[in-house]
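Before any comments, here is the structure.
Every number in this text was worked out from the coordinates using simple rules, so none of it is lab data. This is a predicted model, so every value here is computed, not measured. Note that we place each Cβ from the backbone using ideal geometry, even for glycine, and neighbour counts take in every protein chain shown.
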Amino acid sequence: MSSQTAAPLEVLSAPPVHSGGRMALFLDLDGVLAPMADSPDAVVPDPRRTAVLQALDLRLDGRMAIISGRTLIEIDRIADGASRSAAGVHGLERRLRSGLIERPDASPAVAEVMARFLAFAGDRPGVIVEDKGISAGLHYRQAPHAGSEAGALARQLADETGLTLQAGHMVLELKTPGSDKGGAVSAFMSEPPFLGATPVMLGDDLTDEAGFIAARALGGFGVLVGPPRPTAASYGLADVPAVLDWLEAVAAMGDDQ
């Protein structure tokens, strides 16, 4: 192998079913609990997913939360309301198990960015603009050729407005400054029923790295879903079916988690 050729990334081993203590699960949605789709609306509820989330909520005494780039409304739609604790918009909005929702006021710049994104998408078929209220998303999965221009526009708007640029799988999002997924994990872990448990974060995207880091700092670990890449996660799972298999095994362990 040439010295100029990088060695292949190590494939991470599957996580243990038992964390060695009371487990708290933090689960990304797209690419982890649900397969990636061409458009946000194409992801729909699934009976197996709903059943395993309901079983985990019961077995872990509520120590489970979905932490996603989607809004809380979209999390509930896709997960059939099976996750009472949840964080949306990459941790910017958070719902406690009690139902209390913490959400910042939207930056006025979000409306400006929405207008610029819509103008950009207007003459680029396949580009989708998503309005999350406190953030604006630009999806180019159906128009990968627009990725370079989309990136340049998003970076320009971030500089102009002070909004936080969040890149994901063929999506660029400008959001009201605030918490990220790591902040959401840390906040949940400071409250019942998560307090004192071992945090385990499952994610697939660069947006999940903050969650992996937070979980590790609190004595737990991250699980990378998908192909190997540089990551703060300690373990890996191949894809969504492997995630659901592993979650079903965790749920079957019983109340000693």
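Some notes on this structure:
- Radius of gyration (Cα atoms) of segment 169-212, expressed as a multiple of 2.2 N^0.38 Å: 1.32.
- Based on alpha-carbon atoms, the Kirkwood radius and the radius of gyration of the chain give Rg/Rh equal to 0.98.
- The chain: antiparallel DSSP beta bridges as a percent of all, rounded to 5: 50 percent
- Charge-dipole axis of the chain as Lys and Arg at +1 and Asp and Glu at -1 on Cβ define it, positive-most pick from 40, 60, 168: 60
- Extension gain (nm, one decimal) between residue 245 and residue 217, 0.36 nm per residue minus Cα-Cα: 7.4 nm
- Since only 75, 221, 233 are under comparison, the one whose Cα sits farthest along the positive direction of the charge dipole of the chain, derived from C-beta charges on Lys, Arg, Asp and Glu, is 221.
- Virtual spin-label span in nm between residue 73 and residue 124, 7 Å along Cα→Cβ: 2.5 nm
- Of the peptides 235-244, 65-74, 43-52, the order by per-residue mean of other Cβ atoms within 10 Å, starting with the highest, comes out as 65-74, 235-244, 43-52.
- Summary of the geometry: segment 20-94 and segment 107-147, compared by the centres of their Cα atoms, lie 24 Å apart.
- If the chain linking residue 145 and residue 61 were pulled fully straight, counting 0.36 nm for each residue of separation and taking away their Cα-Cα distance, it would gain 25.6 nm.
- With a Förster radius of 30 Å applied to the C-beta separation of residue 167 and residue 80, the computed FRET efficiency comes to 0.55.
- Highest-MSF residue in the chain out of 38, 105, 57 [GNM, Cα springs under 10 Å]: 105
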